[in-house]
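K.L.:
One structure, pasted below without further comment.
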Amino acid sequence: MKAANRVVVTGGAGFIGSNLVDRLLAEGYAVDVVDDLSTGSLLNLHEARTQGEGKFSFFQASVNGDEFQEIISVRQPKYIFHLAAQADVRKSMADPVYDAEVNLLGSIRVLDAARCNSVQKVIYAASGGTLYGELPANRDSFVESDRGELPDSFYGISKALVLDYLDGYRKVFDLEYSALALGNVYGPRQDPNGEAGVVSIFFSKMRQGQPTTIFGDGRQTRDFVFVDDVVDAFVRALDSGGGLVMNVASNVATSVLTLHKLQSELSNYHQEPIFSPARSGELMHSRLDNTLARVHLGWEPWTPLEDGLKRTLAYFKATLG
Ligand SMILES: NC(=O)c1ccc[n+]([C@@H]2O[C@H](COP(=O)([O-])OP(=O)(O)OC[C@H]3O[C@@H](n4cnc5c(N)ncnc54)[C@H](O)[C@@H]3O)[C@@H](O)[C@H]2O)c1
């Protein structure tokens, strides 16, 4: 028997997943997290774990294992938010097999568990930053239909191929989905020791009075979107935006130099950044049009960058001292 308000969040111990879990619990959903803790942490679920009996459960398991199928068949969620991923671009280049096992095969297993257990909808965290490639000089931002050639990294490829499987499962098995192509997400709980997450890396260094490094000349731009706004889009996608890939981003291009300046001012940090050669394969410009998410989800990137940075800094102060 399907529980009316039960959801599963794969990757729920990670940065975005754990923020989503807190929001879902606040909205009254019963939340099961499946996470193998390969990069996530139980510390991120500190608040969730204080919930009363029956509201929150944690399963340390891989989406690739038989146990995952068992969890879905026993728990019978109505919805699955699929965020579990190997999210490190460089790791995908060093070990494409592992990347595909987690991001492609793992995702197909999630879809298969969903269709075998009559899950109503799967909501997938796609990667807007790797989906479209380099922004042409004559364009301001990418729209979803710009998806064309395969992305440059194996991470980009595996994340993009899942979109075809989502379409396939919808056509063949009637499994509904929404895919949110996320910009550069930042906010509380982003791991400053990861490869991505320039905001958390800068704040962490600045808090410790350590030098910061900018790869390239710092004029490369990114489309930063605050994690609470991303979480809001996921929740809205529970009952809207079926069968669509939608960019979830601010549609504002911010250069790394501007970001560094803003973060320095907020942190009272006075050191100049060290400039290192640009990393190969890194995009110069990335900016995503968010009209589809606005229209279909009624979504907005509600949080201006400066407000989001202040809230992220407050988190760093509270957790790192
Ligand atoms: N952070 C961003 O800016 C961004 C941008 C675009 C897309 N995304 C996507 O959003 C999702 C969440 O990203 P994040 O930044 O929170 O990363 P994260 O690394 O913090 O979260 C990923 C979580 O998945 C878990 N996981 C990894 N392999 C697993 C497996 N085989 N089985 C179960 N759990 C597993 C990890 O332990 C971790 O908790 C990912 O799918 C990522 O590709 C993130």
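K.L.:
Under 8 Å between Cβ atoms, at least 6 apart or on separate chains: pull out the pairs that start in region 158-176 with a residue that is away from the ligand (no atom under 13 Å from the Cβ) and part of a helix (DSSP H, G or I) and end on any residue that is basic (Lys, Arg) and open to solvent by 50 Å² or more (accessible area, probe 1.4 Å).
P.N.:
TYR169/ARG115; PHE173/ARG115
K.L.:
Ok, one more. Condition first: assigned to a loop (DSSP other than H, G, I, E, B) and more than 10 Å from SER127 (Cβ to Cβ). Now tell me which residues in region 178-204 satisfy that. Let's see the steps before the verdict.
P.N.:
Applying the first criterion (assigned to a loop (DSSP other than H, G, I, E, B)) to region 178-204 yields 183, 187-197.
Answer for region 178-204, where residues must be assigned to a loop (DSSP other than H, G, I, E, B) and more than 10 Å from SER127 (Cβ to Cβ): GLY187, PRO188, ARG189, GLN190, ASP191, PRO192, ASN193, GLY194, GLU195, ALA196, GLY197.
K.L.:
Which ones in region 40-87 are among the hydroxyl-bearing types (Ser, Thr, Tyr) and modelled with pLDDT of 95 or more?
P.N.:
Let us first name the residues in region 40-87 that are among the hydroxyl-bearing types (Ser, Thr, Tyr), namely 41, 50, 57, 62, 73, 79.
Across region 40-87, the qualifying residues are SER41, SER57, SER62, SER73, TYR79.
K.L.:
Then there's this: Taking region 76-111, which residues are more than 13 Å from the ligand (Cβ to nearest atom), of a type outside the set (Val, Ile, Thr), surrounded by fewer than 17 Cβ atoms within 10 Å (Cβ to Cβ) and assigned to a helix (DSSP H, G or I)?
P.N.:
Matches in region 76-111: ARG90, MET93, ALA94, PRO96.
K.L.:
Answer yes if at least one residue in region 226-233 is open to solvent by 10 Å² or more (accessible area, probe 1.4 Å), touching a Ser or Thr at 6+ places or on another chain (Cβ under 7 Å) and under 21 Å from GLY156 (Cβ atoms), and no otherwise.
P.N.:
Taking region 226-233 as the starting set, the residues that turn out to be open to solvent by 10 Å² or more (accessible area, probe 1.4 Å) are 228, 232.
Narrowing the set further to residues that are touching a Ser or Thr at 6+ places or on another chain (Cβ under 7 Å) leaves 228.
In the following step, the residues that additionally are under 21 Å from GLY156 (Cβ atoms) were identified as none.
Scanning region 226-233 turns up no residue that is open to solvent by 10 Å² or more (accessible area, probe 1.4 Å), touching a Ser or Thr at 6+ places or on another chain (Cβ under 7 Å) and under 21 Å from GLY156 (Cβ atoms).
K.L.:
May I pose another question? Any residue in region 68-82 that's closer than 7 Å to VAL7 by Cβ: show its pairings with residues that are modelled with pLDDT under 95 and among the small types (Gly, Ala, Ser) at Cβ separation under 7 Å, as long as the two are six or more apart or on different chains.
P.N.:
LYS78/ALA3; LYS78/ALA4
K.L.:
Checking the structure you have, find out if any residue of region 12-32 is within 12 Å of the ligand (Cβ to nearest atom) and open to solvent by 50 Å² or more (accessible area, probe 1.4 Å). Lay out the reasoning, then the answer.
P.N.:
In the first step, residues of region 12-32 are kept if they are within 12 Å of the ligand (Cβ to nearest atom); the result is 12-21.
Those left that are additionally open to solvent by 50 Å² or more (accessible area, probe 1.4 Å): none.
Within region 12-32, none of the residues are within 12 Å of the ligand (Cβ to nearest atom) and open to solvent by 50 Å² or more (accessible area, probe 1.4 Å).
K.L.:
Looking only at region 49-75, which residues are under 19 Å from the mean Cα position of the chain (by Cα) and open to solvent by less than 20 Å² (accessible area, probe 1.4 Å)?
P.N.:
Correct list: VAL63 only.
The values are calculated or read from the model by the stated rules, or taken from the named source; none is laboratory data. Just so we're clear, the structure is a prediction, and the values are computed from it rather than from any experiment. All Cβ positions, glycine included, derive from the backbone under ideal geometry; neighbour counts span all protein chains shown. Ligands, DNA and RNA are stripped out before the accessible areas are found, and what is left, the full protein with its side chains, is counted by its heavy atoms. Shrake-Rupley method; radii C 1.70, N 1.55, O 1.52, S 1.80 Å.
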